[in-house]
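Structure, as structure tokens:
The values are calculated or read from the model by the stated rules, or taken from the named source; none is laboratory data. In this text, all values refer to a predicted model and were calculated from it rather than measured experimentally. Cβ atoms come from the backbone with ideal geometry, glycine included; neighbour counts cover every protein chain shown. Keep in mind that these areas ignore ligands, DNA and RNA; they rest on the heavy atoms of the full protein, side chains included. Shrake-Rupley method; radii C 1.70, N 1.55, O 1.52, S 1.80 Å.
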Amino acid sequence: MGRLSMRVGFRLQVHPELLDEYRRVHSPVRREMLETIAASGRRNYTLFLDESDGTLFGYYEVDDDEAAQSYLADSPVAARWEAEMSRFFLTLDGRADQAARRLTDVFNLADQLEATTP
């Protein structure tokens, strides 16, 4: 497959009183939304939830994140999903897929091993 163009990490805050329901709607996510995410070019999309405070960490890999963002922004399926999900998040200005706080990539084991290979 070759080297990934980009890894993206992001953070959101789920209302603590809605954690059980948030987990329920993600188990499983509707097939049409899963297919939409895959069609956007995002791969290895993963969400991690801190049960103690509702912090949600997300991660995905993508070759062209701008194109993936644009695809999802134009998708009626993604728009419906994001509208339904918006009530779960604290301090969110806009759709979660567009307004999540991006995290800076500061370490990757494979990158560093490759960079230090003699």
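In plain terms, the bigger the Kirkwood radius, the slower the diffusion; for the range 9-62, with that radius from Cα pairs, at 25 °C and 0.890 mPa s, Stokes-Einstein puts D at 204 µm²/s.
Only protein heavy atoms count here; under a 1.4 Å probe, Arg87 has an accessible surface of about 120 Å². Taking a point 7 Å from the Cα of Glu114 along the Cα-to-Cβ direction, the residues of the range 59-89 with backbone N closer than 14 Å to it are 62-63.
Rounded to the nearest whole angstrom, the semi-axes of the ellipsoid equivalent to the chain, taken from the Cα gyration tensor as √(5λ), stand at 26, 18, 13, largest first.
When nucleic acids and ligands are ignored and a 1.4 Å probe is applied, Leu92 ends up with an accessible area of around 40 Å². Summing charges over all other residues whose Cβ lies under 11 Å from the Cβ of Phe57, with Lys and Arg as +1 and Asp and Glu as -1, gives +1.
Per-residue ellipticity at 222 nm, computed for the chain from helices alone with -39500 (n - 2.57) per DSSP H run of at least four residues, works out to -11000 deg cm²/dmol. Modelled this way, with points 7 Å down the Cα-to-C-beta line, the labels at Glu84 and Glu51 are 2.5 nm from one another. Placing unit charges on the Cβ atoms only, positive for Lys and Arg and negative for Asp and Glu, gives the chain a dipole magnitude near 160 debye about its Cα centre.
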